[in-house]
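Chemist: Before we start, here is the structure in question, set down as structure tokens.
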Amino acid sequence: MAVISTVLFSEREQNSVKDFSTNNCSKILSLCVSYITPVYVMKLKDFFPNKELREAPYFDGRVVCYPNMKTIRDYLAWRQLDCKLL
């Protein structure tokens, strides 16, 4: 697997992936989502061995441009709180 040095940060929570990159954002996001989906499906049985899938899981992706690191920090803090409330 090639190392993509332009990715500055990546965060994954439930079915969302955010990539913060300076070059070719759409391609990087597409590759990340394409990689995460089959790995998730393959590992699902390890965590739920006695459960059958009723539907195939899928992931979508979005590229978001934040104006500064403080905004990113605030966003991640909000997402972390959101996860704890679920």
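The values are calculated or read from the model by the stated rules, or taken from the named source; none is laboratory data. Given the structure is predicted, the values throughout are model-derived calculations rather than measurements. Don't worry about glycine lacking a Cβ; one is built from the backbone with ideal geometry, like all the others, and counts go over all protein chains shown.
Chemist: Go through 82, 74 for me and flag whichever is at pLDDT below 85, among the acidic types (Asp, Glu), surrounded by 10 or more Cβ atoms within 10 Å (Cβ to Cβ) and more than 11 Å from the chain's Cα centre (by Cα).
Modeler: Unique residue meeting the criteria: 82.
Chemist: Let me ask something else about it. Within the stretch 53-71, take every residue that is among the aliphatic types (A, V, I, L, M) and under 28 Å from residue 38 (Cα atoms) and give me the one that is surrounded by the fewest Cβ atoms within 10 Å (Cβ to Cβ).
Modeler: To start, the set of residues in the stretch 53-71 that are among the aliphatic types (A, V, I, L, M) comprises 53, 56, 63-64, 69.
Adding the requirement that they be under 28 Å from residue 38 (Cα atoms) leaves 53, 56, 63-64.
Working: 53: 10, 56: 7, 63: 14, 64: 12.
Residue satisfying both the conditions and the ranking: 56.
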